[in-house]
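Below you'll find the structure, written out as structure tokens, and then a few comments.
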Amino acid sequence: MHKNIDVESGIKRFDNENTYLKVVHAFSIHTPPLLEKLRTLSKDGKGISLAEYGVIIHGIKGSSRGIFANGAAIKAEELEIAAKDGDFEYVITHNNSFINLVELLMQEIQELLQKTDAGIKEKKQVSAPDPGLLFELLEAAKQFKPEQLEKIIDELESYNYDSGNELVAWLHSQATNLEYNAIQERLAAII
């Protein structure tokens with residue numbers, strides 16, 4: 001049983017464990033940089049403003065709800081309301097405890113994903129991502145074909161690489177965010 005995430009409800013909602021785990025994986029990639037931004041909240045203009053904080057916390061609230069991390073979603077909503085109300089003192093007082101809660105959630109997610117990866121199958125080890133697949137991915141990005149992108153990335157993720165694991169993770173992240181231009185630029189530079 002997980003303390004900070006309701007995996008069973010997530011699987012029911014998505015009606016497919018793999019789909020749910022992909023959403024959880026995307027959360028695990030995109031949330032840490034947002035937490036780093038939340039840490040920079042300041043009144044003096046050296047970090048993010050309260051308004052920027054409100055936008056970021058709103059996104060974390062929605063994505064937390066999406067993966068059934070209900071405790072984080074509730075705390076994010078409280079902070080979002082305070083930020084909209086201009087209550088800097090409330091936000092600054094509760095920001096660190098929120099970040100700590102989400103970091104605990106991230107640890108649970110990493111454990112969940114590791115157990116799932118280990119339980120599903122051992123991935124075949126190869127030297128690097130297949131250049132042919134990367135070329136197909138580049139073409140799919142140029143033509144803005146999300147289904148084809150997802151299929152190719154799934155194929156790329158079915159392997160472990162001596163070098164290239166970080167590229168595949170980055171491609172997954174960019175495809176999830178519909179950042180086709182970024183995919184095109186990076187792949188064009190290496191193909």
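Observations
- Taking the conditions (1) surrounded by 12 or more Cβ atoms within 10 Å (Cβ to Cβ); (2) more than 23 Å from Ile11 (Cβ to Cβ); (3) touching a helix residue (DSSP H, G or I) at 6+ places or on another chain (Cβ under 6 Å) in turn, Ala175 satisfies each one other than (2).
- Residue check for Phe98: surrounded by 15 or more Cβ atoms within 10 Å (Cβ to Cβ), of a type in the set (Phe, Trp, Tyr), within 28 Å of Arg13 (Cβ to Cβ) and assigned by TED's automatic domain parsing to the domain that holds Ile11: yes
- Matching residues, segment 17-44, being exposed (fewer than 15 other Cβ atoms within 10 Å of the Cβ) and either in contact with a Lys or Arg (Cβ under 9 Å, 6 or more places away or on another chain) or outside the structural domain of Asn100 (by TED's automatic domain parsing) (or both): Thr40
- Answer residue from segment 119-147, given it is polar (S, T, N, Q) and either under 24 Å from the mean Cα position of the chain (by Cα) or at pLDDT 90 or above (or both) and is nearest to Ser173 (Cα to Cα) among those: Gln143
- Answer from Phe135, Phe144 - the residue that is without any contact (Cβ under 8 Å) to a residue 60 or more places away in the chain and not in a helix (DSSP H, G or I): Phe144
- Within segment 62-85, residues that are on the phi < 0 side of the Ramachandran plot and free of Cβ contacts under 8 Å to residues at least 24 places away in the same chain sit with their Cβ atoms under 6 Å from residues that are surrounded by fewer than 18 Cβ atoms within 10 Å (Cβ to Cβ) and of a type in the set (Phe, Trp, Tyr), at 6+ positions apart or across chains, in these pairs: Ala82/Tyr90.
- Scanning segment 25-61 for residues that are free of Cβ contacts under 8 Å to residues at least 24 places away in the same chain, under 12 Å from Asn95 (Cβ atoms) and not in a helix (DSSP H, G or I) yields a total of 4.
The values are calculated or read from the model by the stated rules, or taken from the named source; none is laboratory data. All values reported here derive from a predicted model rather than from experimental measurement. No Cβ is skipped: glycine too gets one built from the backbone with ideal geometry, and neighbour counts run over all protein chains shown.
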